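A.B. asks: What follows is a structure written as structure tokens; I'll ask about it next.
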């Protein structure tokens, strides 16, 4: 598997301020300047959203060059269409919509039979429903947030179908609301909620083996008697 581009690294590491980024998107940028073709203002827009858009494309496509192509095409199309942007949705949502469309078109070119975001997701689509999995409540927070755990989360996300992956990334990783995610992916809010639930259940199942080992290790460690002084002595 190709090594991840720096922009795609650390999907499991959330930016604490990103939810506010979406809410303040209009306030941060001058729509008048953007519509008039102000290159400085557009450069600020690119600088702010190139990372999240690249991560979305990379996670959907799994290829660094394809993700770069989607990133460039997204901002090229946005620049050309800004004059017609009415501001009824957040500019970040509008950019994600362009990026998601580009990523899924690239996926269809590569895999003509790939699932479309417009198709309803149901148990008849060939996916296996998640099974009952281990409860992680007994793990300490540092175990859940460790670099190793985040790496397993990234790998689990990669195993989701593109349709489920897009919803999970926008809602749970980028911090968009259900409504914004629905607008970005051209879905109903009910469809977003359904796919998000399925994505979370699949991730929980994928991660079950990893966390089962951690829970078992914690239990074994807790049951071990304290080492004696003789056991702690270094061999001569």
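A.B. asks: Residue 30 to residue 79: extension gain in nm, 0.36 nm per residue of separation minus the Cα-Cα distance?
C.D. replies: Full extension of this stretch gives 16.2 nm more.
A.B. asks: By how many nm would the segment from residue 190 to residue 209 lengthen if fully extended, with 0.36 nm per residue of separation less the alpha-carbon distance? Write down the numbers at each step before the final one.
C.D. replies: Details: separation 19, 0.36 × 19 = 6.84 nm, distance 3.04 nm.
That pair, residue 190 and residue 209, stretches by 3.8 nm at full extension.
A.B. asks: What FRET efficiency would be calculated for the residue pair residue 105, residue 150, taking the C-beta separation as r and a Förster radius of 22 Å, to the nearest 0.05? Walk me through the numbers on the way to the answer.
C.D. replies: On the way: r = 30 Å, r/R0 = 1.36.
With R0 = 22 Å, the Cβ-Cβ based efficiency is 0.15.
A.B. asks: May I ask you to sort 168, 79, 58 by Cβ crowding, counting other Cβ atoms within 10 Å and putting the fewest first? Don't skip to the answer; put the middle values down first.
C.D. replies: Working: 168 22, 79 15, 58 26.
By the 10 Å Cβ count, ascending: 79, 168, 58.
A.B. asks: Given R₀ = 25 Å, what would the calculated FRET efficiency be for residue 39 paired with residue 179, taking r from the Cβ atoms and rounding to 0.05? Don't skip to the answer; put the middle values down first.
C.D. replies: Details: r = 31 Å, r/R0 = 1.26.
Computed FRET efficiency for residue 39 and residue 179 comes out at 0.20.
A.B. asks: What length, rounded to one decimal in nm, is gained on full extension from residue 46 through to residue 158, with 0.36 nm per residue of separation minus their alpha-carbon distance? It would help to have the intermediate numbers written out before the result.
C.D. replies: Values: separation 112, 0.36 × 112 = 40.32 nm, distance 2.56 nm.
Value of the extension gain: 37.8 nm.
A.B. asks: Moving to a separate point now. Could you state the principal axis extents of the C-alpha atoms in region 19-114, from the largest down, to the nearest angstrom?
C.D. replies: Ordered largest first, region 19-114 gives principal extents of 41, 26, 23 Å.
Every read-out reported here was derived from the displayed coordinates using simple, explicitly stated rules and does not represent laboratory data. It should be emphasised that the depicted structure is a prediction, and the values quoted were computed from it without experimental measurement. When we count neighbours, we look across all protein chains shown, and the Cβ atoms used for this are built from the backbone with ideal geometry, even at glycine.
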